[in-house]
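Below is one structure, written out as structure tokens; the observations come after it.
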């Protein structure tokens, strides 16, 4: 930050952009006056996303294509636009007419946007944008126009190394300063990563990531965010209008889903049975036809087995004997989120607790949890019910997560905001760019290191960032909540129970 070499200003995905670019003055005073009077219509808050009218909708956005038949031909000549952009250092890629809308919304039939995909957008001045806006206006185009540099808008996140001076500087100075600045706003998470497309991750600029419900509020743009830039001396910030989601409720399979699966299986069986004509072993049938018939019969048997498995499956996992609820635990001078439950399994249910190993996990060490402090930037793994085995890396700076907590058990109980820490993971580049470490359905997955040790419990995620609770924190909270002891998987429970009995006899 302040002590480091200046980094090229950049930003990714959704509005945290505060640089105020000085517009070039046109030599013609009459034109300049006209430009100044309409300059407020140009949105240049993000260096990689510009357009009009201001403000452009908050990212991330979904798009639904608009057929050319729905719109009259009101666009300027594409080749002229490409030439104009090139003159100003912007490379045109393609354009599309679409309806843009935020998550959880439906597209508005009247709200149409011309999205122009390009590179080098940071070179595009306000004056040039205004000149281009007038061209569209003169052609009769009255809809939104959005220029976006996809490479910069979707630049990948990178973990901060534990020995980066930013880690200590953020935790000792900037973290509480930023939290005080945004205390009255509706934010949910604050993260710090590197973000960019540089070959060397260390060359990517430091990026403050803030997720908020009120991302479109002018207070962020006009007051809070410029103050963060000024006080934190951060060259890059990143603002998302996206919520952090607890994964637990997403993992429950609904009855309607079950019925849909059964109906699909029945339909598949009926269709396959229409392909069977008589006995596949009857005389006169060629070897190729017999092989085809046997294959179909095997498929039918497989579908019937699936049907039987679904119908006879028991969804009862057991009974809850203790739970943390959703709250925080103060440990080692920091408030940590906890979200766990202890379940007593029914006697009739299988208890295979085996965790299959990944090709990159050592098979020499048995499953145990680590009591050692987490080492940031370590490669970690998890086995989830939704995504299976994935790998990722722990970020060197712990995020702050703000969530609503119910004050009581009643249905209409008041709720209040609580802030707590966790550890953040992003998918490893080995899994492919933009790969999520977890998805809904992975709640409760154990986070493992490469020595097969349990280091955390997955409990929440937002887009490409996953959050987990240190397992040492979980163990400590279980001890406090139950007053009991927590045994590692390698300890002999029977021998400990016997020792307890002998101790009671001695008493």
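The values are calculated or read from the model by the stated rules, or taken from the named source; none is laboratory data. Note that the structure is predicted; figures quoted are calculated from it, not measured. Neighbour counts are summed over all protein chains in view; Cβ atoms, including those assigned to glycine, are modelled from backbone coordinates with ideal geometry.
Please verify whether residue 434 is under 29 Å from residue 182 (Cα atoms) and modelled with pLDDT of 90 or more, treating the condition exactly as stated. Steps first, answer last, please.
Details: under 29 Å from residue 182 (Cα atoms): yes; modelled with pLDDT of 90 or more: no.
Here the answer is no, as residue 434 does not meet what is asked.
Take region 371-390 and flag every residue that is at pLDDT 70 or above, in contact with a helix residue (DSSP H, G or I) (Cβ under 7 Å, 6 or more places away or on another chain) and surrounded by fewer than 19 Cβ atoms within 10 Å (Cβ to Cβ).
385 - this is the single residue of region 371-390 that is at pLDDT 70 or above, in contact with a helix residue (DSSP H, G or I) (Cβ under 7 Å, 6 or more places away or on another chain) and surrounded by fewer than 19 Cβ atoms within 10 Å (Cβ to Cβ).
Scan region 465-485 and tell me whether some residue there is within 20 Å of residue 190 (Cβ to Cβ), surrounded by fewer than 20 Cβ atoms within 10 Å (Cβ to Cβ), touching a residue at least 60 places away in the same chain (Cβ under 8 Å) and within 26 Å of the chain's Cα centre (by Cα).
Restricting attention to region 465-485, the residues satisfying the condition of being within 20 Å of residue 190 (Cβ to Cβ) are 465-470, 473.
Of the ones still in play, those that are also surrounded by fewer than 20 Cβ atoms within 10 Å (Cβ to Cβ) are none.
Within region 465-485, none of the residues are within 20 Å of residue 190 (Cβ to Cβ), surrounded by fewer than 20 Cβ atoms within 10 Å (Cβ to Cβ), touching a residue at least 60 places away in the same chain (Cβ under 8 Å) and within 26 Å of the chain's Cα centre (by Cα).
If residue 285 passes every condition in (1) assigned to a helix (DSSP H, G or I); (2) at pLDDT below 85; (3) more than 30 Å from residue 156 (Cβ to Cβ) but one, which one does it miss?
If we test residue 285 against (1) assigned to a helix (DSSP H, G or I); (2) at pLDDT below 85; (3) more than 30 Å from residue 156 (Cβ to Cβ), just (1) comes out false.
Within the group 94, 124, which residue is outside the structural domain of residue 397 (by TED's automatic domain parsing) and buried (at least 18 other Cβ atoms within 10 Å of the Cβ)? Quick ask: steps written out before the conclusion?
Details: 94 fails: buried (at least 18 other Cβ atoms within 10 Å of the Cβ).
Step by step, each of 94, 124 is checked, and only 124 is outside the structural domain of residue 397 (by TED's automatic domain parsing) and buried (at least 18 other Cβ atoms within 10 Å of the Cβ).
Condition check ((1) touching a helix residue (DSSP H, G or I) at 6+ places or on another chain (Cβ under 6 Å); (2) surrounded by 20 or more Cβ atoms within 10 Å (Cβ to Cβ)) across all residues:
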{"residue": "105", "(1), (2)": "no, no"}
{"residue": "136", "(1), (2)": "no, no"}
{"residue": "139", "(1), (2)": "no, no"}
{"residue": "144", "(1), (2)": "no, no"}
{"residue": "152", "(1), (2)": "no, yes"}
{"residue": "158", "(1), (2)": "yes, yes"}
{"residue": "167", "(1), (2)": "no, no"}
{"residue": "174", "(1), (2)": "yes, yes"}
{"residue": "183", "(1), (2)": "no, no"}
